[in-house]
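Rule-based calculations on the coordinates, nothing more; no lab input. What you see is a predicted model; the values in this text were computed from it and never measured. Glycine gets a Cβ as well: all are built from the backbone with ideal geometry, and neighbour counts include every protein chain shown.
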Amino acid sequence: MTEQEYRSHPAISRSELWRIHDSPEKFKYFKEHPEEPTPALLFGQVFHKMALEPDTFDLEFVVTPDVDRRTKEGKQLWAEFQEQAEGKTVIPAEMHEQAKAMCESLAAVPFAQKLLNGRRETPFFWVDELTGEECKCRTDCLNTSYSQPIIVDVKSATDAGTEAFIRDAIKYGYDFQAAMYSEGVSKHIKQIPLFVFIVVEKTPPYAVNILQADELLLKRGHNIFRECIDTYHDCRLSGNWYGYLGKNNRINTLALPAWLAKEVT
């Protein structure tokens with residue numbers, strides 16, 4: 001299954017449910033008004049493709065050539081490039097070099113390569129038992145060579161340090177991703193997998209960190225998944241894609257966080 005076929009499948013994905021976590025209103029809007037990839041998102045796609053499926057990278061991406069389009073020769077080379085680039089995503093040379101350097105750093109970590117020795121970019125589909133909603137996920141790698149299967153997810157980050165990545169995991173819902181993917185994969189392989197992140201920094205020396213999701217992180221992620229899939233199910237049936245005021249359109253309370261309230265009381 002190609003990435004395009006996977007994306008067009010009607011089952012609900014992790015990225016879509018994360019929109020629900022923000023608000024059903026935003027989920028509905030972005031579902032009906034797809035965004036163009038941001039530079040950060042495009043870079044993530046480039047890095048993932050180069051790291052996980054390098055053999056087919058040139059089928060999807062093409063690098064902008066360094067030519068002077070003011071000259072006759074440059075104009076001709078540019079015209080040839082545009083013809084070759086038809087149907088592909090054009091990326092700047094700087095982005096290509098950055099992703100390449102990160103992949104070289106990743107390749108230099110033996111244990112990371114052992115973890116990535118499995119089925120890459122594999123789609124999984126399942127039906128949530130409590131809501132009956134179709135779900136989907138696409139794992140970067142599923143390694144079944146150990147006694148317990150391991151889902152491996154490759155991330156790029158500004159800071160791959162453990163403490164910094166924990167903050168990113170909470171902010172961007174990586175705990176939710178780990179729980180949802182683990183649930184979907186377990187329904188197919190009939191085993192509970194481990195979930196491991198391989199994180200590569202975006203700047204020299206492109207440091208690599210490997211982190212395993214622990215039980216509490218997965219439990220928190222599972223709670224978020226249940227909240228999101230239940231909300232999605234309720235909104236889909238009711239047609240009420242509410243915003244920040246909630247399904248009953250109630251005003252919210254602006255209260256101090258607990259740690260700050262202690263200074264006042």
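Given an 8 Å cut-off on Cα distances and at least 6 residues of separation, report the relative contact order of the chain as a percent. Please list the in-between numbers first.
Working: 340 pairs, mean separation 53.2, N = 265.
This gives 20 percent for the chain.
Would you order Thr122, Thr265 from fewest to most other beta-carbon atoms within 10 Å of each residue's own beta-carbon?
Arranged by neighbour count, lowest to highest, Thr122, Thr265 become Thr265, Thr122.
Where both residues lie in the chain, what percent of DSSP beta bridges are antiparallel, nearest 5? List each step's numbers first, then the result.
Details: 16 of 28 bridges.
About 55 percent, rounded to the nearest 5.
Per DSSP H run of n ≥ 4, the term is -39500 (n - 2.57); total these for the chain, divide by its residue number, and report the mean residue ellipticity at 222 nm rounded to 500 deg cm²/dmol.
The per-residue figure over the chain is -15500 deg cm²/dmol.
Could you state the number of Å between the C-alpha centres of the range 17-80 and the range 105-172?
22 Å
Hey, of (i) 127; (ii) 191; (iii) 151, which did the structure itself give for volume of the Cα convex hull per residue in Å³ when calculated?
(ii)
Please give the length that would be gained between Gln4 and Glu80 if that part of the chain were fully extended, namely 0.36 nm times their separation in residues minus their C-alpha to C-alpha distance (nm, one decimal).
Numbers: separation 76, 0.36 × 76 = 27.36 nm, distance 2.66 nm.
Difference between extended and current length: 24.7 nm.
Run down the lysines and flag those whose C-alpha is under 17 Å from the C-alpha of Lys100, throwing out any fewer than 8 positions away in its chain.
Lys49, Lys155, Lys202
Contact order normalised by length for the range 37-107, with contacts defined as Cα pairs under 8 Å and 6 or more residues apart; what percent is it?
Taking the mean separation of contacting Cα pairs over the length of the range 37-107, I get 41 percent.
Angle check, please: helix 215-238 long axis (alpha carbons) against the longest principal axis of the chain (alpha carbons), in degrees 0 to 90, nearest 10.
Its long axis makes an angle of about 80 degrees.
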